[in-house]
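What follows is a set of notes on a single structure, which appears directly below.
The values are calculated or read from the model by the stated rules, or taken from the named source; none is laboratory data. On a predicted model such as this, the values are computed, not experimentally measured, just so you know. No Cβ is skipped: glycine too gets one built from the backbone with ideal geometry, and neighbour counts run over all protein chains shown.
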Amino acid sequence: MDLGFTIIILSLFLISMEQACFVYGWNLSDPSLAQIAHDLYHSSDDLLKEVKDLVGRHQDTLQMEILQAGNRGYNAEILVITYGHASKAIDNKTDFRILLSFGQHGRELITSEVALRLLSILSGERAMPGWDSASSNNALVNLIIKVVPMENMNGRKIVEAGDACDRKNGRGVDLNRNWSVDWGKKEKDFDPYEEFPGTSPFSEPEVQIMRKISRSFNPHVWVNVHSGMEGLFMPYDHRNTTPSGVNSNAMKSILEDLNHHYFQDRCIIGSGGASVGYLAHGTAIDYIYEVLKVPLTFTFEIYGDIEASAKECFKMFNPIDITNFNKVLDEWCLAFLSIFQSAPKQLEMALNKVGSGNLDSSLDEIFRGKMHSTRFEGLDFGMQELRTYFRLFMLSSVLLLFMFCSRISKSKCKSTIAI
Ligand SMILES: [Zn+2]
């Protein structure tokens, strides 16, 4: 067996040992980590049942579908709720479209609770204190809102089984590192337990489903909801800058308004890459913005306890008392209702600036809904995706070259000794 091949086999063995140790040993065996506040939080089954029951009671405004996908014996399904007024003809191409995703990371239970609360407000079953529902209803008539209450059900089950620190899906892949923009790039502080990106871009069924929804629905606004800190982020995650252009200004304006009116200016604002403290590669927001060209794309971090110890994962990502639990739900539901009202206006203002010849004419096309699924389904590859695949190609070429050279040097060595 030559040296190159031995090194590869040894590395793969060490990586797999590392994965197995963290995923199946240390975390699951430590009972101090299993501290879900069951008095406050729904189980995943109960939460999804409540959502389905809500849809059953409000079929005039809510619809649901279950999307499934599988890969190499691993299967996932995602419940998607669509809010829209049946009293008027819903036009997927001209209505203003918003896509909200919750629960991408298993341990961030509070996010799915916000989804349930928000849906109950949209259905009209629950009033929102401090919100003018009459003016809100006028704004809602022109919207279609898709809500994914629990993107990572398999990962959530692992958390409920006792590993409160787990953020990945049911087979150890971080769903917010499995998208194609800058996929697989690793920073110096890369932690495979936290951020394992999968074997290739879009290897994970959950990510395939979310890509499919995002493409076919083609939203104007997309929000990925997380917890672990309080932050209002826009692209990029893989660079420490924000994009240029009028829609970037619209995003900043929306975030500043939210922070000021609903969070007393305490949230961190900016690009994820510049604000979180590390660059992240292969994330959903960068794909949704860069490849799908959704003009208003956000990641919200809705809660974090920075004083919790490293082992107190539940406490670190989720409020554990009723006061803070309700505060988070109320504040963030108000923030979403505010976005439902303000986002169409903000984007229209941005569009007017484009119309006056300022920047990015593609925004006009996006806003009017002309850039729809047919264009993306047929031509999937953006420049970022091409770069990712080119990088993978170069990496495998170097590896093959290395193995080839080590073979040649070995054979030369033998002939020298023979002579
Ligand atoms: Zn997260």
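If you take the residues in the range 108-154 that are within 16 Å of the ligand (Cβ to nearest atom) and of a type in the set (D, E, K, R), which one is nearest to the chain's Cα centre (by Cα)? That would be Glu151.
The residues in the range 309-327 that are of a type outside the set (S, T, N, Q) and either within 15 Å of the ligand (Cβ to nearest atom) or not assigned by TED's automatic domain parsing to the domain that holds Val223 (or both) can be counted, and the count is 4.
Answer yes or no: is there a residue in the range 162-169 that is acidic (Asp, Glu), free of Cβ contacts under 8 Å to residues at least 24 places away in the same chain and either farther than 19 Å from Phe298 by Cβ or assigned by TED's automatic domain parsing to the domain that holds Phe340 (or both). No: the range 162-169 contains no residue that is acidic (Asp, Glu), free of Cβ contacts under 8 Å to residues at least 24 places away in the same chain and either farther than 19 Å from Phe298 by Cβ or assigned by TED's automatic domain parsing to the domain that holds Phe340 (or both). Each residue in the range 162-179 was checked for being of a type in the set (A, V, I, L, M) and over 23 Å from the mean Cα position of the chain (by Cα), and 0 pass. Listed by first and then second residue, the pairs linking a residue in the range 307-331 that is closer than 13 Å to Leu40 by Cβ to a residue that is more than 16 Å from the ligand (Cβ to nearest atom) and assigned to a helix (DSSP H, G or I), with Cβ atoms under 7 Å apart and 6 or more places separating them unless they lie on different chains, are Pro319/Phe325; Leu329/Arg117. Any residue at all in the range 52-62 that is within 16 Å of the ligand (Cβ to nearest atom) and under 24 Å from the mean Cα position of the chain (by Cα)? Scanning the range 52-62, I find no residue that is within 16 Å of the ligand (Cβ to nearest atom) and under 24 Å from the mean Cα position of the chain (by Cα), so the answer is no. If you go through the range 85-110 and keep only what is under 18 Å from Ser338 (Cβ atoms) and at pLDDT 95 or above, you end up with Arg97, Ile98, Leu99, Leu100, Phe102. All of (1) more than 26 Å from Lys311 (Cβ to Cβ); (2) more than 14 Å from the ligand (Cβ to nearest atom); (3) touching a residue at least 24 places away in the same chain (Cβ under 8 Å); (4) not in a loop (DSSP other than H, G, I, E, B) hold for Lys157 with one exception: (1).
Among residues of the range 203-225 that are assigned by TED's automatic domain parsing to the domain that holds Val148, those with a beta-carbon under 7 Å from a residue that is acidic (Asp, Glu) and modelled with pLDDT of 95 or more at least six positions away or on a different chain give the pairs Glu206/Glu151; Met210/Glu151. Within the range 282-300, not a single residue is within 22 Å of Glu331 (Cα to Cα), within 16 Å of the ligand (Cβ to nearest atom), in the same structural domain as Leu109 (by TED's automatic domain parsing) and without any contact (Cβ under 8 Å) to a residue 60 or more places away in the chain.
Out of Glu194, Glu204, which single residue is within 16 Å of the ligand (Cβ to nearest atom), more than 15 Å from Ile285 (Cα to Cα) and modelled with pLDDT of 95 or more? Full working, then the answer.
On the way: Glu194 fails: modelled with pLDDT of 95 or more.
From the options Glu194, Glu204, the qualifying one is Glu204.
Within the range 175-206, the set of residues being surrounded by fewer than 16 Cβ atoms within 10 Å (Cβ to Cβ) and outside any loop (DSSP other than H, G, I, E, B) comprises Pro192, Glu194.
Could you list all residues from the range 132-152 that are surrounded by fewer than 16 Cβ atoms within 10 Å (Cβ to Cβ) and not in a helix (DSSP H, G or I)? Once the filter is applied, which keeps residues that are surrounded by fewer than 16 Cβ atoms within 10 Å (Cβ to Cβ) and not in a helix (DSSP H, G or I), the range 132-152 yields Asp132, Val141, Asn142.
Filtering the range 288-310 to residues that are modelled with pLDDT of 95 or more, of a type in the set (Val, Ile, Thr) and assigned to a loop (DSSP other than H, G, I, E, B) leaves Val291, Val294. Residues that are closer than 21 Å to Asp182 by Cβ and buried (at least 24 other Cβ atoms within 10 Å of the Cβ) within the range 207-222 comprise Val207, Met210, Trp222, listed in sequence order. Of the residues making up the range 217-262, those that are over 17 Å from the mean Cα position of the chain (by Cα) and farther than 17 Å from Tyr289 by Cβ number 7. Restricting the search to strands (runs of 3 or more DSSP E) fully inside the range 207-287 and requiring at least 1 residues that are among the polar types (S, T, N, Q) and either out of contact with any Cys (no Cβ under 6 Å at 6 or more places or on another chain) or modelled with pLDDT of 95 or more (or both) gives 221-226, 268-271. Residues of the range 319-340 that are of a type in the set (A, V, I, L, M) and in contact with a Lys or Arg (Cβ under 9 Å, 6 or more places away or on another chain): Leu329 alone.
Checking each residue in the range 223-273 for being surrounded by fewer than 21 Cβ atoms within 10 Å (Cβ to Cβ), in contact with a helix residue (DSSP H, G or I) (Cβ under 6 Å, 6 or more places away or on another chain) and among the acidic types (Asp, Glu) picks out only Asp265.
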